[in-house]
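The values are calculated or read from the model by the stated rules, or taken from the named source; none is laboratory data. The structure displayed is predicted, hence computed values, not measured ones. Ideal geometry is used to build each Cβ from the backbone, glycine not excepted, and the neighbour counts take in all protein chains shown.
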Amino acid sequence: MIDHDHLFKELLSTFFIEFLELFLPELANTIEPNSIRFLQQEYFLDLTSGEEKVVDLLVEVKQAGEDMAFLVHLEAQASSEANFTRRIFFYFALLYQRYLQRVYPIVVFSFDEPYRAEPHQHRVEFPTLKVLEFNFASIQLNRLNWRDYLNQPNPVAAALMSKMRIAPADRPKVKAECLRLLATLKLNPARTRLISGFVDTYLVLNSQEKQVFESELGKIEATQREGVMEIVTSWMREGMEQGMERGMERGAERERALVLRQLTRRVGEIPTSFRSPLDLLSLEQLEVLGEALLDFTTIADLEAWLQNH
């Protein structure tokens, strides 16, 4: 399962001002960069569902020429939800009450479907009285055209093109373009890995798409292709390392199961209290135990061996 909340929080907190510059430039241009302060997570009890909710990202900022700070509340919404506008209003009201500061609410809708425009206003009114009209800034990725962001020198564009509306036939091309844009930004290795990992998570290609992807890489200008290939090579290296780790884990589990069967034959049923120490043994230790148990006759022999190892 993809942890959408974690991926988006990591991206948006790392590239907060770049996100604003991409989607809300009028707001970004007024913010003092040195004033940005990320606040601790806020937890609220949703009285309608009884569930505890967490505000995704809360940032205190100042505008140029102003002494008073205000809050930017940024929420990443991975599914279409009934009464969502009401929930965001509740968040706003609670934050406004708690901090007594202005709150600028922003929602990033990141789901693939539905494609209809999501509401971004909560109203309470009567025929003769408008009690409340609450609005928030809405960025619905599946209604954005990825081609409009191809030449935006912005790391958030390189990441979020992968979540915009993409025709199935364009998936390999979009992945290649995300990497091309990322390579031109010359970010440090950690930030490059963050964005490339984001793209690789949301644009997983099948074997046929991979062939098209490789063809698209060949169309990239030579000056940019080297940086793209470094990213792709990094993916391959990480994939091999993860594969080796998984192989070692599977090997250890097979060895553990074999040793347990052999122990049961030698000394009888293994008590539950011995299971945790046995689970902690490395593959090398299991191999040593596999040889030693040939001399065991009672459970006391196993206990003595575990104490010594």
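Side notes on the structure shown:
- Members of region 71-109 that are buried (at least 19 other Cβ atoms within 10 Å of the Cβ), of a type in the set (Gly, Ala, Ser) and over 20 Å from residue 23 (Cα atoms): none
- Where residue 38 falls short, out of the listed (1) touching a helix residue (DSSP H, G or I) at 6+ places or on another chain (Cβ under 8 Å); (2) of a type in the set (A, V, I, L, M, F, W, C); (3) under 13 Å from residue 106 (Cα atoms): (3)
- Among the residues of region 197-242, those identified as of a type in the set (Gly, Ala, Ser) and at pLDDT below 85 are 222, 227, 234, 239.
- From the list 259, 174, the lone residue that is at pLDDT 75 or above, hydrophobic (A, V, I, L, M, F, W, C) and either outside any helix (DSSP H, G or I) or surrounded by 17 or more Cβ atoms within 10 Å (Cβ to Cβ) (or both) is 174.
- Per this entry, residue 40 is counted among residues that are free of Cβ contacts under 8 Å to residues at least 24 places away in the same chain, surrounded by fewer than 17 Cβ atoms within 10 Å (Cβ to Cβ) and among the polar types (S, T, N, Q).
- Screening the candidates 154, 188 for the property of being loosely packed, with under 15 Cβ neighbours inside 10 Å, at pLDDT 85 or above and under 23 Å from residue 13 (Cα atoms) yields one hit, 188.
- Residue in region 42-57 that is within 16 Å of residue 102 (Cα to Cα) and at pLDDT 90 or above present: yes
- Of all residues in region 4-55, those that are assigned to a loop (DSSP other than H, G, I, E, B) and over 18 Å from the mean Cα position of the chain (by Cα) total 14.
- Boolean, residue 60 is charged (D, E, K, R), closer than 22 Å to residue 7 by Cα and part of a loop (DSSP other than H, G, I, E, B): no
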